[in-house]
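> Quick one: the structure is below, questions incoming.
The values are calculated or read from the model by the stated rules, or taken from the named source; none is laboratory data. Bear in mind the structure is a predicted one, so any value in this text is a computation, not a measurement. Don't worry about glycine lacking a Cβ; one is built from the backbone with ideal geometry, like all the others, and counts go over all protein chains shown.
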There are 6 protein chains.
Amino acid sequence: MTQEPASSSSNPLNPHPDQAQPAALSHLDSQGQLHMVDVSAKQATARQAIAAGQVRMKAETLAALVAGNNPKGDVIATARLAGLMAAKQTAQLIPLCHPLPLQKIEVSLSPDPQLPGYQIEATVKTKAETGVEMEALTAVAVAALTLYDMAKALDKGIVIEQIRLLRKSGGKSGEWEAEEIS
Amino acid sequence: MTQEPASSSSNPLNPHPDQAQPAALSHLDSQGQLHMVDVSAKQATARQAIAAGQVRMKAETLAALVAGNNPKGDVIATARLAGLMAAKQTAQLIPLCHPLPLQKIEVSLSPDPQLPGYQIEATVKTKAETGVEMEALTAVAVAALTLYDMAKALDKGIVIEQIRLLRKSGGKSGEWEAEEIS
Amino acid sequence: MTQEPASSSSNPLNPHPDQAQPAALSHLDSQGQLHMVDVSAKQATARQAIAAGQVRMKAETLAALVAGNNPKGDVIATARLAGLMAAKQTAQLIPLCHPLPLQKIEVSLSPDPQLPGYQIEATVKTKAETGVEMEALTAVAVAALTLYDMAKALDKGIVIEQIRLLRKSGGKSGEWEAEEIS
Amino acid sequence: MTQEPASSSSNPLNPHPDQAQPAALSHLDSQGQLHMVDVSAKQATARQAIAAGQVRMKAETLAALVAGNNPKGDVIATARLAGLMAAKQTAQLIPLCHPLPLQKIEVSLSPDPQLPGYQIEATVKTKAETGVEMEALTAVAVAALTLYDMAKALDKGIVIEQIRLLRKSGGKSGEWEAEEIS
Amino acid sequence: MTQEPASSSSNPLNPHPDQAQPAALSHLDSQGQLHMVDVSAKQATARQAIAAGQVRMKAETLAALVAGNNPKGDVIATARLAGLMAAKQTAQLIPLCHPLPLQKIEVSLSPDPQLPGYQIEATVKTKAETGVEMEALTAVAVAALTLYDMAKALDKGIVIEQIRLLRKSGGKSGEWEAEEIS
Amino acid sequence: MTQEPASSSSNPLNPHPDQAQPAALSHLDSQGQLHMVDVSAKQATARQAIAAGQVRMKAETLAALVAGNNPKGDVIATARLAGLMAAKQTAQLIPLCHPLPLQKIEVSLSPDPQLPGYQIEATVKTKAETGVEMEALTAVAVAALTLYDMAKALDKGIVIEQIRLLRKSGGKSGEWEAEEIS
């Protein structure tokens, strides 16, 4: 696996390094080092993020998970709780994330016969100086990995896909919504 | 988001619950409860798993990350280390995973102008009674989330996708390889 | 071990499921799923909780622990610190607990020849949107488990018992005190 | 809360400190300091421990939890998973516990109208130089705390009680069974 | 290794135990027990701490690390991220530390041919009732341990030294600066 | 704080990059990336490491800690347990460390009026494919940080120093001992 070449004006990957770099990476300091961004000058405001993702599998695998989910619901509950607990671990998993108080975490999973597989959605709220996109995305990713774990003995071709932000509100950048749901 | 209906022979999601359930969920006990599978009767053998995934973003975002990665390589190193450290946390994140000794963890990221974005691959080795697919997949997912975190200020439309197993070896099921690379 | 039957009006365990459910489980959403409660609309206020528990053992075991505690006090200090550190881990241990800032944690243990064994008490303070009962109870439980661990080679019949809330203050429900100490 | 007096031959708590101390505390070194016991000379053998406990509450609280557990089983699944995941954290919670590979963790909860409340049982297996009593007891304690958390808004008088070892096998001390079940 | 004698007026280690004790240990309660200090009466104010340390090694070891750091910078980035992530774990590592929100964490390492070795510096900011000296010192210590780990195969005589506070601001005690930099 | 220049034959920090690099960094792969070393081909053997360090403070601070340590020994016990528990967290703190089973952890602290301050020593044993130097060094560092935390209100000039390996045994490199104790 090859690494990218050094940036230069002739680098197709990076046509405008000079303005691109400061524009891009808020975690990057003047020495090209990544740090946890200083948010001490920001106000703590109410923030929410909603993320989603899906787990694609064979129809039989989905059927087995749905069957396994009855009557006690452990399959869905296990994946939901794993996602919920992982959201609380985000700052330990993602090196540059700030530890934040979390006021709400909700993770939902639903079977999708068309996929076939499961659709996953997570909503996280905080009152803090920075947003909770990473907490919502981490909840989705770990809920998806947990579904994968429960089904992998049956289906080695499962794919976790489309992990993305759906909506965010609060903070300087204010309201944002993915086009798919506008 | 609606939950699945109770399984029944007329349930399109689950045509054959009776055989599907035992066939499918190794974590499921006779009472429909999920537990950490008993591996005490299995032998510890050498096992390896390779997983992959990708992070799709705008071309400008990729350019900025590549620029930000020079000269000191913090962008790639940060995502790689986050994935590597997360692999060691797999049993704390995925409820039904066994804590395993890990003998090797390798996480690689490379920019892909065609995507555009980054390709991620993780290899994990153990000598244990069960495999390390979840450790490799967790490393990929957290490395991807970390790239996302570093670029999210620039691009809210980033998508983490195609998290999947590429290869596994060792254990009862022996060698397995995804079709894409056969 | 049998699971409870599905709720119904004829279920002796659950005579009035309809009103019991909304009345009871604050973590339960409209789809019967448990989530971390949304506290974003609540005010952060000063809160305190005091919990207690006891560890019952043979008189000789108590004597040995007391002897082992002199002259350097490691037995008591070990159990106290384990409880104190566990209180800081409550939101990682109890799935639906909110991560809270903790302003005070105090854990006390004292030998009780009448039991015979040890009495344990923990006090936790915060300024937050929700209370710290679970932090105080977790501190008591882990301090008790740590005492058990230090004595188990001597006495396999040790019992951890009476883990309960003694007092709480702050928040909507205000002051509460267990009858035993009213 | 008063601390125990210094040990002495006239100390009712500790009639025979000299023989009691070496006999009692395997974690205690020659300087009266507690350490993680050296197990390097021991053989890794198959070991199992079964622990139990109960959560006593008002009959209405039990009814509400049973109602809340239907149709998706989140109440039981949440407590079971919390106990299961906590068992994997035992060495981080109990200062003198050895980190052990765990080959099986099973946590069961069942409503008990006679209590009224829930009965909890946990079984843990390993192949190691030391036993898994603490892992089984920790699983029971955290499952109990999680039930408490879900019901505390309804009932502040809930009591966690009778956390004890039921059975252990493997290791030098071999088979042991609590009298209640002999 | 011998333990200190009991304090007494004739104890050279402790000439004035009576005033020394209350003056000294803010974590110590009236019963001689250490607890997490109650900060509930204090105001949350902006606080910063800067700590430093160094890792002394053979000149060849430094040369190898510097060489190993090019072209991708992984050596420095690995140590910096380890320090940064450890700062977020301070309250889990140091028993009596309060869990605090952290608003900024910055860890810098630079090679020092005169030492020879690396100089390490960490800056942490919070808005809280207590300071972040321990977070900054923990970041330095873990960054140093991580450098040690990467070089230990080459040099078993590496020494981590001079871990100290350089500056602190905020809180009751206000501004403080080590003499070396005054 | 400036970063090191790119290595070159004219770089005083790195006279012989070509041989220095492969010779030096066992964690470095062919692409200049650091990974957790593959130990799957190695045998698990008995290993031990002993590390030491010291905490230098004013004579009055030492006197206060010694006074604070009586009669119940919480100061020493707190630092010892913090070091012991941190050793079990080494693989979570040091990115490239392997998670290892630990068979013994012992941490000792003793006051040293000549320093003045405390001398700290930690011994760790395992049976594994790689050594436990980092576990022993991490125990020393965290025990030292914990002493610092308990005394910092009294003395802002405390210095943690001389954290080093004293002895190691087991593994390919076999017995090693620091010159100071040969």
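> Could you check how many residues of segment A:104-134 are in contact with a His (Cβ under 8 Å, 6 or more places away or on another chain) and under 15 Å from C:LEU34 (Cα atoms)? Break it down into steps so the answer makes sense when it comes.
Within segment A:104-134, the first condition is being in contact with a His (Cβ under 8 Å, 6 or more places away or on another chain), and the residues that meet it are A:104-107, A:128-130.
Next, from what is left, pick out any that are under 15 Å from C:LEU34 (Cα atoms): A:104-107.
Final tally of qualifying residues: 4.
> Filter segment B:96-127 down to the residues that are under 22 Å from A:ALA153 (Cα atoms) and either touching a Cys at 6+ places or on another chain (Cβ under 9 Å) or of a type in the set (D, E, K, R) (or both) and list them by number. Even if it seems obvious, please write down each step before you answer.
Keep residues of segment B:96-127 that are under 22 Å from A:ALA153 (Cα atoms), which gives B:96-102, B:121-127.
Within segment B:96-127, B:GLU121, B:LYS125, B:LYS127 qualify.
> Let me ask something additional. Which number in (1) more than 27 Å from D:ALA128 (Cα to Cα); (2) of a type in the set (A, V, I, L, M, F, W, C); (3) more than 14 Å from chain D (Cβ to nearest Cβ); (4) not in a strand (DSSP E or B) marks the one condition that F:ILE163 misses?
The single condition F:ILE163 does not satisfy is (4).
> Would you point out which residue out of E:GLU179, E:GLU161 is of a type in the set (D, E, K, R) and either without any contact (Cβ under 8 Å) to a residue 60 or more places away in the chain or more than 30 Å from F:GLY171 (Cβ to Cβ) (or both)?
Details: E:GLU161 fails: either without any contact (Cβ under 8 Å) to a residue 60 or more places away in the chain or more than 30 Å from F:GLY171 (Cβ to Cβ) (or both).
Of the residues listed, the single one that is of a type in the set (D, E, K, R) and either without any contact (Cβ under 8 Å) to a residue 60 or more places away in the chain or more than 30 Å from F:GLY171 (Cβ to Cβ) (or both) is E:GLU179.
> Which helices (runs of 4 or more DSSP H) does segment F:41-135 wholly contain that include 2 or more residues that are within 7 Å of chain E (Cβ to nearest Cβ) and surrounded by 24 or more Cβ atoms within 10 Å (Cβ to Cβ)?
Working: elements: F:59-68, F:74-87, F:90-93.
Passing ranges, in order: F:59-68, F:74-87.
> Any chance segment F:11-29 includes a residue that's in a loop (DSSP other than H, G, I, E, B) and at pLDDT 95 or above?
Within segment F:11-29, the first condition is being in a loop (DSSP other than H, G, I, E, B), and the residues that meet it are F:11-16, F:25-27, F:29.
So of that shortlist, the ones also at pLDDT 95 or above come out as none.
No: zero hits.
> Could you tell me whether F:THR123 is polar (S, T, N, Q) and at pLDDT 95 or above?
Numbers: polar (S, T, N, Q): yes; at pLDDT 95 or above: yes.
The answer is yes for F:THR123.
> If A:GLN48 satisfies every condition in (1) modelled with pLDDT under 90; (2) closer than 22 Å to A:THR123 by Cβ but one, which is the exception?
(1)
> Another question, then. Taking segment C:136-156, which residues are within 7 Å of another protein chain (Cβ to nearest Cβ) and part of a loop (DSSP other than H, G, I, E, B)?
Scanning segment C:136-156 gives C:LYS152, C:ALA153, C:LEU154, C:LYS156.
> Out of segment A:169-178, which residues are part of a strand (DSSP E or B) and within 13 Å of B:ASP155 (Cα to Cα)? Lay out the reasoning, then the answer.
From segment A:169-178, those part of a strand (DSSP E or B) are A:169, A:176-177; that's our starting set.
Selection gives A:TRP176, A:GLU177.
> Same structure again: Output the residues belonging to segment C:90-131 that are of a type outside the set (Ser, Thr, Tyr), over 25 Å from D:VAL140 (Cα atoms) and touching a strand residue (DSSP E or B) at 6+ places or on another chain (Cβ under 7 Å). Lay out the reasoning, then the answer.
Within segment C:90-131, the subset of a type outside the set (Ser, Thr, Tyr) is C:91-107, C:109, C:111-117, C:119-122, C:124-125, C:127-129, C:131.
If we keep only those that are over 25 Å from D:VAL140 (Cα atoms) too, we end up with C:101-104, C:113-114, C:125, C:127-129.
Result: C:PRO101, C:LEU102, C:GLN103, C:LYS104, C:LYS125, C:LYS127, C:ALA128.
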